[in-house]
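Right, one structure below, let's go through it.
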Amino acid sequence: MNNMMRQEHGITVAVYPGSFDPVTYGHLDIIHRAAKVFDKLIVAVLNNTSKNALFTLEERMELLRKVTADLPNVEIDGFRDLMVNYMKARNVRLIVRGLRAVSDFEYELQMASTNHKLNPDVETFFMTSKPQFSYLSSSIVKEIAKFHGPVEDLVPAEVEEELRKKFPQT
């Protein structure tokens with residue numbers, strides 16, 4: 001493996017950023033697969049001020065800790081800054097991003113190019129989602145949960161429970 005990928009005392013570290021509002025099986029698919037590729041994976045939860053989050057940053061981080069507890073090389077962290085600033089502060093140069101469909105690629109390419117422009121040492125690795133998750137998004141999950149639809153095939157039980165608390169039956 002080349003030197004660009006070796007960091008933090010000889011291990012390969014990557015960051016998988018996102019808002020994870022809430023974490024879905026699609027996110028977990030990328031987390032599990034990336035955890036097999038990299039020695040350490042930091043799941044960095046973004047406090048995106050342009051989005052009206054259902055779960056607080058702390059709630060999202062706690063849900064991620066619960067559903068990734070079986071992955072010893074996965075760390076959950078949060079950030080409220082530019083991705084490249086977070087990467088520099090953590091001394092990490094590798095970003096993992098998931099692609100569900102071709103429509104995701106244009107946006108993700110723009111973000112990867114911007115991050116690389118801001119810090120040429122930062123590289124982005126794209127992982128395509130498994131076909132069964134290609135339609136799945138946090139927005140879809142929230143919409144279904146809001147109207148008390150079934151979400152058990154879309155999110156882990158811990159997330160489903162917290163969604164039911166956010167959208168109680170009336």
May I ask you to verify whether Met111 is touching a residue at least 40 places away in the same chain (Cβ under 8 Å), open to solvent by less than 90 Å² (accessible area, probe 1.4 Å) and either at negative phi or in contact with an Asp or Glu (Cβ under 6 Å, 6 or more places away or on another chain) (or both)?
no
Among strands (runs of 3 or more DSSP E) entirely within segment 68-170, at least 2 residues that are over 22 Å from Thr56 (Cα atoms) occur in 94-99, 123-128
Among residues of segment 77-99 being in contact (Cβ under 8 Å) with a residue 24 or more places away in the chain and among the small types (Gly, Ala, Ser), the residue surrounded by the most Cβ atoms within 10 Å (Cβ to Cβ) is Gly98
Selection over segment 6-52 where residues are assigned to a loop (DSSP other than H, G, I, E, B) and either charged (D, E, K, R) or farther than 22 Å from Asn115 by Cβ (or both) yields a count of 11
For segment 139-152, check the following and say yes or no: at least one residue is under 30 Å from Ile11 (Cβ atoms), at pLDDT 95 or above and either among the charged types (D, E, K, R) or surrounded by 17 or more Cβ atoms within 10 Å (Cβ to Cβ) (or both). no
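The values are calculated or read from the model by the stated rules, or taken from the named source; none is laboratory data. Quantities reported herein were computed from a predicted structural model and do not represent experimental measurements. Neighbour counts run over all protein chains shown; Cβ positions are idealised from the backbone, glycine included. When the accessible area is computed, the model is the full protein with side chains, heavy atoms only, and any ligands, DNA or RNA have been set aside. Shrake-Rupley method; radii C 1.70, N 1.55, O 1.52, S 1.80 Å.
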